[in-house]
Each structure stands twice: as C-alpha cells, then as structure tokens.
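Colleague: Mind looking over this structure? Questions follow.
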Amino acid sequence: QVQLVESGGGLVQAGGSLRLSCVASGSIVSINAMMWYRQAPGNQRELVASVGSSGNTNYADSVSGRFTISRDNPKNTVYLQMNNLKPEDTAVYFCRADVREQRTVYFRTYWGQGTQVTVSS
C-alpha cells in the first residue's frame, strides 16, 4: 500500500507565498506523473500543475507564472511553490501520484488527504 501525505498549507495574505510538500511512502518501485489539484467549496476538483518522471511540467493558465511544481525523485516528494497568492487560490490542495508498487507491472493512482490553503484579501 502507498500513502501520500501533504503539508505546508495555511493562512496567508494576498501577495504572499506558501510551499506545499507531498511525500509518498510504501512499497514503491517507481512514480510516473505527480500532480497537484485543488478544490474550492462548490467547485469541481481542478488540475493545478503536473510534473512527469523526467521533470517536464504543465500548469493551469490561472497559476502559470506564479506557481512552480518540482519533484525530488529519491525522496518520492513533490512540491508546489506558490507565489503572489490571490484570494481565488483559496482551496483544499491535493497531491496525486501514479505509482508502480512492488510485485506489480502497472501504475496505480493514489491521492493525498488534502491541505487547506486560505488567502485573505
């Protein structure tokens, strides 16, 4: 079994910064894509940013230029550096990883429990 644990959320004023972390643990052989999603009250969960195993990245238009996703493969960790935060960035942020476990040949998707980010105006 694999677990994803996020940390780094909190309350920040508009224009401030936060850095989210997500650590994957368990019987991991390799991790393909790692992603950050967010969900605001009443809204659907949306993809914020993704990073492939080789480091290629993609961002939602709403965060491009302000957020940076990165990963540390030996530590099975993905980060989301969020700068110039806006009130509309307020949401629960979830990490997702596509993981190949021991004794398997396929990748399975795992989610973290989420961390709250609140940006005050």
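The values are calculated or read from the model by the stated rules, or taken from the named source; none is laboratory data. Computed from a prediction, not measured in an experiment: that's the story for all the values here. We place every Cβ from the backbone using ideal geometry, glycine too, and count neighbours over all the protein chains shown. Areas reflect the complete protein model, heavy atoms only, side chains present, ligands, DNA and RNA absent. Shrake-Rupley method; radii C 1.70, N 1.55, O 1.52, S 1.80 Å.
Colleague: Among the residues of region 62-112, count how many are under 24 Å from SER25 (Cβ atoms), of a type in the set (Lys, Arg) and modelled with pLDDT of 95 or more.
Modeller: Pass one, region 62-112, residues under 24 Å from SER25 (Cβ atoms): 68-82, 92-112.
Now narrow it down to the ones that are of a type in the set (Lys, Arg): 71, 75, 96, 100, 103, 108.
Subset that is modelled with pLDDT of 95 or more: 71, 75, 96, 100, 108.
The qualifying residues number 5.
Colleague: Then there's this: Give the number of residues within region 16-46 that are more than 15 Å from GLN116 (Cα to Cα), open to solvent by less than 50 Å² (accessible area, probe 1.4 Å) and not in a loop (DSSP other than H, G, I, E, B).
Modeller: Of the residues in that region, 7 qualify.
Colleague: Which condition does GLN13 not pass, out of (1) open to solvent by less than 70 Å² (accessible area, probe 1.4 Å); (2) at pLDDT 95 or above, if it passes all the others?
Modeller: Here GLN13 meets the rest and fails (1).
Colleague: Say we look at region 100-120 and pick out the residues that are over 30 Å from PRO41 (Cβ atoms) and of a type outside the set (Val, Ile, Thr); which of these is surrounded by the fewest Cβ atoms within 10 Å (Cβ to Cβ)?
Modeller: Once the filter is applied, the top-ranked residue is ARG103.
Colleague: Which condition does THR68 not pass, out of (1) without any contact (Cβ under 8 Å) to a residue 40 or more places away in the chain; (2) closer than 15 Å to GLN1 by Cα; (3) surrounded by 13 or more Cβ atoms within 10 Å (Cβ to Cβ), if it passes all the others?
Modeller: (2)
Colleague: Still on this model: Only one of (1) open to solvent by less than 40 Å² (accessible area, probe 1.4 Å); (2) more than 9 Å from the chain's Cα centre (by Cα); (3) closer than 21 Å to GLN113 by Cα; (4) not small (Gly, Ala, Ser) fails for LEU85. Which number is that?
Modeller: Going through the list (1) open to solvent by less than 40 Å² (accessible area, probe 1.4 Å); (2) more than 9 Å from the chain's Cα centre (by Cα); (3) closer than 21 Å to GLN113 by Cα; (4) not small (Gly, Ala, Ser), LEU85 breaks only (3).
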